[in-house]
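Working notes for the structure below.
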Amino acid sequence: MTYRAIIFDLDGTLIDQFKSIHYAFAKTIVEMGYEAPTYEEVKRAVGGASEATMTLLIGEERAKEAVARLRPIFEQVMLDGLTPLPFALDSLSRLTEAGLKTAVLTNKYGPHARAACDHLGFSRHLDFTLGADDTEWKKPQSELTNHVLAKLGVTATETVYVGDSPYDYKTAKNAALDCILVATGTHSAKELFSLGSTVVLQDLNEVTNKLLNSKG
């Protein structure tokens, strides 16, 4: 398959921001009177929007309140420990140099996602970064993915979604996109293979090589 566009997830796919994510979630939850979640508990809960993560950690009743408390805490530390995952910048550069359109579609709060991409130098290789609250939809809703396709000016059959989790698999499948998953985030290769008909690779270098070889 020859693609015209690549849509990327962000956390666990292009970046590692879990140090500051865990700090902000744990501080918020403790300040609200709950026991602090471990690093692994937070890491396994992310993937949906922040409210979905909070619901998993403390329940639905106070999740919305918790997100309102979380954002200013996270903004104070969100660049602390933020690192690109291996080959992320190189992959974006190679793909765009080859003439492919690239975008980020994430359930991270949109302004935070764009700040991370700007900080790491990703944005100059991206058509745009779209996150939670930028539209009325969230992953894995097909309306959101179709909105991204329209902004890119491509069809589902011309596009592949690259992510690291079951949320990403559902995002791709709900909108009839091909999907490539990388075992660099919260789920192992074995867990990702168990989802079904998808390609699972070890890292973004493998992804980029596969995409550019198919393009050629």
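The values are calculated or read from the model by the stated rules, or taken from the named source; none is laboratory data. Source: prediction; values computed, not measured. Virtual Cβ from ideal backbone geometry, glycine too; neighbours counted across all protein chains shown.
Worth pointing out:
- Per the listing Gly47, Gly59, Gly12, the residue uniquely in the same structural domain as Ala176 (by TED's automatic domain parsing) and within 29 Å of Ser142 (Cα to Cα) is Gly12.
- Conditions (1) surrounded by fewer than 18 Cβ atoms within 10 Å (Cβ to Cβ); (2) in the same structural domain as Tyr23 (by TED's automatic domain parsing); (3) among the aliphatic types (A, V, I, L, M): number failed by Leu89: (2)
- Of the residues in the range 177-188, none is more than 21 Å from Thr53 (Cα to Cα), free of Cβ contacts under 8 Å to residues at least 60 places away in the same chain and either touching a Pro at 6+ places or on another chain (Cβ under 8 Å) or not in a strand (DSSP E or B) (or both).
- Note on the range 56-72: among residues that are touching a Phe, Trp or Tyr at 6+ places or on another chain (Cβ under 8 Å) and at pLDDT 95 or above, the one that is surrounded by the most Cβ atoms within 10 Å (Cβ to Cβ) is Leu70.
- Going through (1) under 22 Å from Asn146 (Cβ atoms); (2) in a helix (DSSP H, G or I) one by one, Thr2 falls short only on (2).
- Checking Gly110, Gly121 one by one, the residue that is surrounded by fewer than 21 Cβ atoms within 10 Å (Cβ to Cβ), in the same structural domain as Asp168 (by TED's automatic domain parsing) and either over 23 Å from Pro72 (Cβ atoms) or in contact (Cβ under 8 Å) with a residue 60 or more places away in the chain (or both) is Gly121 and no other.
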